[in-house]
1. Criterion first (modelled with pLDDT of 95 or more, of a type in the set (Gly, Ala, Ser), in a strand (DSSP E or B) and open to solvent by 20 Å² or more (accessible area, probe 1.4 Å)) does SER185 satisfy it?
2. Out of everything in the stretch 106-117 that is assigned to a loop (DSSP other than H, G, I, E, B) and touching a Lys or Arg at 6+ places or on another chain (Cβ under 8 Å), what residue ends up being nearest to VAL58 (Cα to Cα)?
3. In this structure, does THR115 turn out to be surrounded by fewer than 22 Cβ atoms within 10 Å (Cβ to Cβ) and modelled with pLDDT of 95 or more?
4. Select from the stretch 122-148 the residues that are farther than 23 Å from ASP209 by Cβ, surrounded by fewer than 24 Cβ atoms within 10 Å (Cβ to Cβ) and not charged (D, E, K, R) and list them in ascending order.
5. Mind checking which pairs have a first residue in the stretch 108-130 that is farther than 16 Å from ASP88 by Cα and a second that is β-branched (Val, Ile, Thr) and open to solvent by less than 10 Å² (accessible area, probe 1.4 Å), Cβ under 6 Å, 6 or more apart or different chains?
6. Taking the residues in the stretch 149-178 that are β-branched (Val, Ile, Thr) and closer than 17 Å to HIS211 by Cβ as candidates, determine which candidate is farthest from the chain's Cα centre (by Cα).
7. Does any residue in the stretch 81-105 that is closer than 18 Å to ILE200 by Cα and assigned to a loop (DSSP other than H, G, I, E, B) come within less than 7 Å, Cβ to Cβ, of a residue that is open to solvent by less than 10 Å² (accessible area, probe 1.4 Å) and not aromatic (Phe, Trp, Tyr) six or more places away or on a different chain, and which pairs are these?
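The values are calculated or read from the model by the stated rules, or taken from the named source; none is laboratory data. Fair warning: this is a prediction, and the values are worked out from it, not measured in the lab. All Cβ positions, glycine included, derive from the backbone under ideal geometry; neighbour counts span all protein chains shown. Note: accessible area is taken over every heavy atom of the protein model, side chains too, but ligands, DNA and RNA are not part of it. Shrake-Rupley method; radii C 1.70, N 1.55, O 1.52, S 1.80 Å.
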Amino acid sequence: MANHYSLLSKVIAEKEGKMVGIITPNPEKEERLLGIHSPVKEFEPCEPVMDFIEPQTVVASPRRSTSGQESGLPLGTMPTCVFLNVEDLKCFEVVERQFEHWGIIFRNAIALHPTNPAFPPRSGNTVLMAAPKNGLLEITFLHPARFFSCYLTSSQRTILSAYDSEEKLLVRDEMPIANLAGSGSEIPPNLKLSLSAPDIYRISLYSFDGHLTIDDLSFGF
């Protein structure tokens, strides 16, 4: 983890109120998806409140070490909806396996308290940002999920894609243009993107080298 923080300190900086990244992802893998469009079944994410009607809806808090600790998933059944509590993450914390006990692992993500007003949180003070690489954030499920939802703010067009265990594209959702706060975009910040399909094992958010943040993530099995 120390190496991640050292790398992060070198490649992420704030300059004139804007996040600046140095490393750029290879877009070839995601760009081949641009000609594919699958219908998306709309799914309402669970709300960030504690008084749930559904008994199997849970709020998932992070752990920084899973050594000797049991999974947070209920025994014998899977929750119908898991809402990720990112507020307990520290600002600039590299996010990878903090929610592994809830069956989800992140790649290329940091927790951030945005100082740039173009990237407002939807709730609380914390968002997840694609970094240190610009424009690409990935999520892996340890158990096949059936839906995923998040609220997105991005400086570029962004594609949300879901894949099965064999890396076959299942379904995708898309925000066609940037939606930064105060930019005059016809799409407001924190646009909801959602996917629903059987046997989702991986999620990717790709914004063509742009900067993106997500908030109020939810998923279910």
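1. No.
2. For the stretch 106-117, the residue satisfying everything is ASN108.
3. yes
4. SER123, GLY124, ASN125, THR126, PHE141, LEU142, HIS143, PRO144, PHE147
5. Qualifying pairs under 6 Å: PHE119/THR153; PHE119/THR213.
6. The selected residue is ILE177.
7. That search, which allows pairs on different chains as well, returns PHE99/ALA60; PHE99/LEU84.
Let's see how each residue does on (1) assigned to a loop (DSSP other than H, G, I, E, B); (2) at pLDDT 95 or above; (3) open to solvent by less than 40 Å² (accessible area, probe 1.4 Å); (4) touching a Lys or Arg at 6+ places or on another chain (Cβ under 9 Å):
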{"residue": "GLU166", "(1), (2), (3), (4)": "yes, yes, no, no"}
{"residue": "ILE177", "(1), (2), (3), (4)": "yes, yes, no, yes"}
{"residue": "LEU193", "(1), (2), (3), (4)": "no, yes, yes, no"}
{"residue": "SER196", "(1), (2), (3), (4)": "no, yes, yes, yes"}
{"residue": "ARG202", "(1), (2), (3), (4)": "no, yes, yes, no"}
{"residue": "LEU205", "(1), (2), (3), (4)": "no, yes, yes, no"}
